[in-house]
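Following: one structure in structure tokens, then a few remarks.
The values are calculated or read from the model by the stated rules, or taken from the named source; none is laboratory data. Bear in mind that the values here come from a model prediction, so they are computed numbers and not experimental data. Because the Cβ atoms are built from the backbone with ideal geometry, glycine has one as well, and the counts that use them run over all protein chains shown.
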């Protein structure tokens with residue numbers, strides 16, 4: 001090393017680097033700015049067009065999610081390009097913008113989904129930005145890879161992964177959850193069964209750090225109307241269905257009037273939750289008659305909210321335990 005600059009291409013064990021890559025120690029300052037190391041004692045900073053990559057043995061044909069933590073430094077519009085090689089899909093990579101920081105501590109955890117097209121792959125995290133100061137660029141820390149199980153529909157629930165138990169790896173020592181990027185940034189959602197069809201990400205939270213109404217995982221809609229998720233389900237035209245779900249707060253200081261709007265075909269319902277930030281929830285229900293063989297089920301938050309501690313952390317209502325059943329005898333429901 002020369003100062004913080006890593007000189008050897010393979011100097012960081014198990015990783016290969018290219019471009020200006022720095023090894024940053026926690027507490028390191030640059031001018032008047034303290035560089036945030038998300039976890040532990042060290043992180044790497046990717047300068048202009050710099051990248052880190054690692055070869056990993058995987059199950060060919062398996063569906064994986066990559067989770068990593070990143071912090072922004074100099075620039076306001078930093079981006080990260082996450083890709084996997086080999087890849088049979090052309091231009092299949094995720095450009096994850098870091099302009100919006102969802103947490104007030106200066107860093108977030110991101111996720112990225114992909115299909116493994118070979119038994120040995122190379123995972124690449126690349127900074128495509130070009131700044132006047134070549135030392136600028138995002139910090140990368142805590143990288144994890146998880147094989148996802150693809151859930152199926154059951155007779156008890158026509159929706160896949162309605163309880164959100166299957167999703168990206170959540171670091172046990174982080175309290176900020178994991179951002180799941182929108183479809184326009186990653187067309188392989190690391191939340192199996194669901195499409196993040198909004199402009200902003202949704203947050204994947206766990207019961208170890210947040211209030212979760214059912215099971216161990218839930219979704220927090222952190223970007224108001226720009227934060228939504230959907231699933232397309234097979235239905236029979238003319239048949240009646242009941243959609244049930246739970247709305248609440250994550251016990252993270254998200255106080256005030258929260259609301260989730262649910263859509264199923266041409267029907268909609270709005271479920272309000274007046275939050276005291278203590279981790280409570282209310283049930284939601286939407287009954288509808290299908291008009292097509294495929295029906296789009298969608299949820300989004302009605303309100304753009306921040307936590308009550310004035311830290312600037314984005315928050316919103318949580319969604320959990322989503323179920324869809326067909327009604328055999330509507331008169332008895």
Next item on the list: Find the residue count for region 168-195, including only residues that are over 16 Å from residue 99 (Cα atoms) and more than 9 Å from the chain's Cα centre (by Cα).
Entry: 16
Margin query: Just to be sure I understand, how many residues within region 95-113 are farther than 19 Å from residue 129 by Cα and out of contact with any strand residue (DSSP E or B) (no Cβ under 7 Å at 6 or more places or on another chain)?
Written below: 3
Next item on the list: Could you check how many residues of region 63-88 are surrounded by 15 or more Cβ atoms within 10 Å (Cβ to Cβ) and outside any strand (DSSP E or B)?
Entry: 6
Next item on the list: Looking only at region 138-155, decide whether some residue is part of a strand (DSSP E or B) and without any contact (Cβ under 8 Å) to a residue 40 or more places away in the chain.
Entry: yes
Margin query: If a residue must be surrounded by fewer than 17 Cβ atoms within 10 Å (Cβ to Cβ), out of contact with any strand residue (DSSP E or B) (no Cβ under 8 Å at 6 or more places or on another chain) and under 18 Å from residue 316 (Cα atoms), how many such residues does region 265-292 contain?
Written below: 2
Notebook entry, point to check: Given (1) touching a strand residue (DSSP E or B) at 6+ places or on another chain (Cβ under 6 Å); (2) closer than 14 Å to residue 100 by Cβ, where does residue 200 come up short, assuming only one miss?
Noted result: (1)
Checklist line | Of all residues making up region 218-257, the number that are in a strand (DSSP E or B) and under 21 Å from residue 100 (Cα atoms) | finding: 4
Checklist line | Matching option when the condition is touching a residue at least 40 places away in the same chain (Cβ under 8 Å), in the same structural domain as residue 197 (by TED's automatic domain parsing), within 30 Å of residue 154 (Cα to Cα) and outside any strand (DSSP E or B), among 295, 291 | finding: 291
Notebook entry, point to check: Taking region 223-260 as the region of interest, how many residues are within 28 Å of residue 184 (Cα to Cα) and in contact with a helix residue (DSSP H, G or I) (Cβ under 9 Å, 6 or more places away or on another chain)?
Noted result: 0
Note to self: I want to confirm something. Restricting to region 238-258 and keeping residues that are surrounded by fewer than 19 Cβ atoms within 10 Å (Cβ to Cβ) and closer than 19 Å to residue 323 by Cα, which single residue is nearest to the chain's Cα centre (by Cα)?
What the structure shows: 244
Item checked: region 93-134: number of residues that are part of a loop (DSSP other than H, G, I, E, B) and over 15 Å from residue 63 (Cβ atoms) -> 17
Next item on the list: Could you list all residues from region 205-217 that are surrounded by 17 or more Cβ atoms within 10 Å (Cβ to Cβ), in a loop (DSSP other than H, G, I, E, B) and in contact with a strand residue (DSSP E or B) (Cβ under 8 Å, 6 or more places away or on another chain)?
Entry: 210, 211, 212, 213
